[in-house]
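Everything on this sheet refers to the single structure shown next.
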Amino acid sequence: MDAGLQLLDRQVVDSTGISLGKIDDLLFTDGDDQGPPVLAAVLIGQQAFAARLGGRPGRWWTGMAERLSGRRGPIEIPLAAIDDIGTVVRLASPAQAFPSLTAPERWLRHRLVSRLPGGMRESD
């Protein structure tokens, strides 16, 4: 499976169907016995997106995201927490099981994303 093509920019929803964002990056670990890298987690959040931007815009975006969220680094969702990969990536647990979803992200989800047409539904 080409993880980049299959997972990047897919919508992530919790077990109740609430949108948590899109997959912005992937985290790999070293494979056993010099094998290929193994996908360990998907990364969501502004810091993961900033890493994909790179350069000066990426550093600026990272700085802003860190100041707004009060934490460093993206939100890591382990592969074991994923229930299904289809048109959306469905997690096995509700959003409350992921404490790394910070207050600014929750605020954005409820104040902005929820007001967009289809913003709180999973993709068709």
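The values are calculated or read from the model by the stated rules, or taken from the named source; none is laboratory data. Because the structure is predicted, anything quoted here is derived from the model rather than measured. Neighbour counts are summed over all protein chains in view; Cβ atoms, including those assigned to glycine, are modelled from backbone coordinates with ideal geometry.
Being without any contact (Cβ under 8 Å) to a residue 24 or more places away in the chain and in contact with a Phe, Trp or Tyr (Cβ under 8 Å, 6 or more places away or on another chain) holds for only one residue in Leu26, Leu39, Leu53, Leu5, and it is Leu53.
Restricting attention to the stretch 1-35, and to residues there that are in a helix (DSSP H, G or I) and of a type in the set (Gly, Ala, Ser), which single residue is farthest from Ala81 (Cα to Cα)?
Of the residues in the stretch 1-35, the ones in a helix (DSSP H, G or I) are 3-7, 32-34.
So of that shortlist, the ones also of a type in the set (Gly, Ala, Ser) come out as 3-4.
On the way: Ala3: 16, Gly4: 18 Å.
The selected residue is Gly4.
Can we say Thr16 is polar (S, T, N, Q), exposed (fewer than 12 other Cβ atoms within 10 Å of the Cβ) and in contact with a strand residue (DSSP E or B) (Cβ under 8 Å, 6 or more places away or on another chain)? Considered against the rule, which asks whether it is polar (S, T, N, Q), exposed (fewer than 12 other Cβ atoms within 10 Å of the Cβ) and in contact with a strand residue (DSSP E or B) (Cβ under 8 Å, 6 or more places away or on another chain), Thr16 comes out as no. Return the pairs, sorted by first residue and then second, in which the second residue is modelled with pLDDT of 85 or more and among the aliphatic types (A, V, I, L, M), the first residue lies in the stretch 66-89 and is under 10 Å from Gln47 (Cβ atoms), the beta carbons are less than 6 Å apart, and the residues are 6+ apart or on different chains. Correct list of pairs: Pro74/Leu43; Ile75/Ile44.
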